[in-house]
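Asks: Before anything else, here's the structure in question.
The values are calculated or read from the model by the stated rules, or taken from the named source; none is laboratory data. Given the structure is predicted, the values throughout are model-derived calculations rather than measurements. Virtual Cβ from ideal backbone geometry, glycine too; neighbours counted across all protein chains shown.
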Amino acid sequence: MKLQRYVAVAGAGLIATATLAACGSNNNSPAASSSSAGGGASSSASASGGISCGSGTLTLAGSSAQKNAIDKFTKDYQAACSGATINYNPSGSGAGVTSFEQKQVDFAGSDFPLSGTDVAKANARCTGGKAVDLPMVPGAIAVMYNVSGVTAPLNLSAQTLAKIFNGKITTWNDPAIAKDNSGVTLPSTKITTFHRSDKSGTSYNFSNYLNGTDAADFPAKANKQWPGTGGQGENGSSGVAQAVKSTSGGIGYAELSYASANNLQTAKVGNAQGQFVEATTANASAFIGKAKVNQSGNDIQLAFDYTYSDPNAYPAVLVTYEIACDKGNDPAQLPLIKGFLSYMASATAQAELPTAGYVNLPSNIQGLVATAVGNLG
């Protein structure tokens, strides 16, 4: 079945105040450059390679999906900027947004855009400004499994996955799985599904994929809190990956980097063309590259249509957004906030994402984000 609607994908949030709260999404004037601003107690200096350095400490939290990417960005930025310290807590998208709203972090990562009451709460922390969604770290959501005796990657259609994650298929030799995998000997092992127990953009995007392609078997609408029935909840993507690894017959979802780090097998997932597509950065890029860009001032959101016709498009994806205040940032923190965000949005940093299991932003979107970061004040 084809999804007939666009799906907004969002992620981590960026903040500029010394004490953080949540900023709202969706407005702000266009940005002009990706270099950091000066002023305040944290003066900025240009490092080799074009990195704009701020000094001081950033306290960040949110999406666990982007943790491995943030770790890489932090290592590179701190190596170039000796006066900067970046601390990131992968507490999950929901917790990160709450921390931002409560002014506990400088910016937060979220795998879904600000919406509902979070918009007003986030805007309230941006004195004289509004919160913006900045897409930064795209990636594939891998379907990880642990099935003894099965060596080749399993094919799992959207319909089969919907039934598995809604408790309608309970053993690995179920006829539906056998149909997807002609000629493969499947064990009668019980299926144990694992999902995120915390509010998660990964859960939102994966449940949206299931509901959007097979609402009959997965009727629950996309939700940050896993909406499927049955299964076991684990905290964070790392928790899900570890649970699958330690459970015979286990299956779960997490960002591709977590599957790779835990040496877990990943399924080939069915797309709108009926093709089984491997979870690779190239295949996820084929899907993400067709995203519709919705921009209002400095707020940038991406929308996906699951009916994309590209046979190589891997449809289970997410984008982590950084949520920041467009105006009203602490002048002392602003150089470091803009410096680090500018580096994250740079072509240099984005080019490194595939080596860490992520997908780099398409060049046109990367340019828009870099410009928006340059406009933060």
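Here's the yes/no breakdown for (1) within 16 Å of the chain's Cα centre (by Cα); (2) farther than 23 Å from residue 152 by Cα; (3) in a loop (DSSP other than H, G, I, E, B); (4) basic (Lys, Arg):
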site: 210; (1), (2), (3), (4): no, yes, no, no
site: 215; (1), (2), (3), (4): no, yes, yes, no
site: 233; (1), (2), (3), (4): no, yes, no, no
site: 239; (1), (2), (3), (4): no, yes, no, no
site: 263; (1), (2), (3), (4): no, no, yes, no
site: 284; (1), (2), (3), (4): yes, no, no, no
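Asks: Select from region 301-338 the residues that are out of contact with any Asp or Glu (no Cβ under 7 Å at 6 or more places or on another chain), of a type in the set (Val, Ile, Thr) and not in a strand (DSSP E or B) and list them in ascending order.
Replies: Within region 301-338, just 307 meets the criteria.
Asks: Could I ask something else about it? Taking the residues in region 300-331 that are of a type in the set (D, E, K, R) and either buried (at least 24 other Cβ atoms within 10 Å of the Cβ) or at pLDDT 95 or above (or both) as candidates, determine which candidate is nearest to residue 141 (Cα to Cα).
Replies: Of region 300-331, the ones of a type in the set (D, E, K, R) are 305, 310, 322, 326-327, 330.
When the remaining residues are screened for being either buried (at least 24 other Cβ atoms within 10 Å of the Cβ) or at pLDDT 95 or above (or both), the result is 322, 326.
Values: 322: 19, 326: 30 Å.
If we take residues in region 300-331 being of a type in the set (D, E, K, R) and either buried (at least 24 other Cβ atoms within 10 Å of the Cβ) or at pLDDT 95 or above (or both), then 322 is nearest to residue 141 (Cα to Cα).
Asks: Going by the structure shown, is residue 351 out of contact with any Leu (no Cβ under 8 Å at 6 or more places or on another chain), over 19 Å from residue 133 (Cβ atoms) and in a loop (DSSP other than H, G, I, E, B)? Reasoning before the result, please.
Replies: On the way: out of contact with any Leu (no Cβ under 8 Å at 6 or more places or on another chain): yes; over 19 Å from residue 133 (Cβ atoms): yes; in a loop (DSSP other than H, G, I, E, B): no.
Answer is no for this residue.
Every residue, every condition in (1) under 23 Å from residue 94 (Cβ atoms); (2) surrounded by 23 or more Cβ atoms within 10 Å (Cβ to Cβ), yes or no:
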position	(1), (2)
224	yes, yes
227	yes, no
233	yes, no
239	yes, no
242	yes, no
253	yes, yes
260	no, no
266	no, no
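Asks: Something else now. Examine region 187-200 for a residue that is assigned to a helix (DSSP H, G or I), modelled with pLDDT of 95 or more and hydrophobic (A, V, I, L, M, F, W, C), and state whether such a residue exists. Steps first, answer last, please.
Replies: If we filter region 187-200 for residues that are assigned to a helix (DSSP H, G or I), which is where we start, we get none.
Within region 187-200 (the criterion being assigned to a helix (DSSP H, G or I), modelled with pLDDT of 95 or more and hydrophobic (A, V, I, L, M, F, W, C)), the answer is no, since none of the residues qualifies.
Asks: Since residue 232 meets every condition but one in (1) at pLDDT below 95; (2) out of contact with any Asp or Glu (no Cβ under 9 Å at 6 or more places or on another chain), which condition does it not meet?
Replies: (1)
Asks: While we're looking at this one, here's another question. Within region 365-377, work out how many residues are of a type in the set (S, T, N, Q) and in contact (Cβ under 8 Å) with a residue 24 or more places away in the chain.
Replies: At the first step, the residues of region 365-377 found to be of a type in the set (S, T, N, Q) are 366, 371, 375.
Subsequent filtering for residues that are in contact (Cβ under 8 Å) with a residue 24 or more places away in the chain retains 371, 375.
Counting residues in region 365-377 that are of a type in the set (S, T, N, Q) and in contact (Cβ under 8 Å) with a residue 24 or more places away in the chain gives 2.
Asks: Here is a check on your reading of the model: is residue 137 surrounded by fewer than 18 Cβ atoms within 10 Å (Cβ to Cβ), at negative phi and among the hydrophobic types (A, V, I, L, M, F, W, C)? Walk me through it before giving the result.
Replies: Numbers: surrounded by fewer than 18 Cβ atoms within 10 Å (Cβ to Cβ): no; at negative phi: yes; among the hydrophobic types (A, V, I, L, M, F, W, C): yes.
Spelling it out, it is not the case that residue 137 is surrounded by fewer than 18 Cβ atoms within 10 Å (Cβ to Cβ), at negative phi and among the hydrophobic types (A, V, I, L, M, F, W, C).
Asks: Follow-up question, since we're still on this one. Considering region 86-119 alone, what residues qualify as being surrounded by fewer than 19 Cβ atoms within 10 Å (Cβ to Cβ) and hydroxyl-bearing (Ser, Thr, Tyr)?
Replies: Passing the criteria: 115, 117.
Asks: Further question: Every residue in region 75-126 that is in contact (Cβ under 8 Å) with a residue 60 or more places away in the chain, over 17 Å from residue 53 (Cβ atoms) and β-branched (Val, Ile, Thr), please.
Replies: Result: 97, 98, 105, 119.
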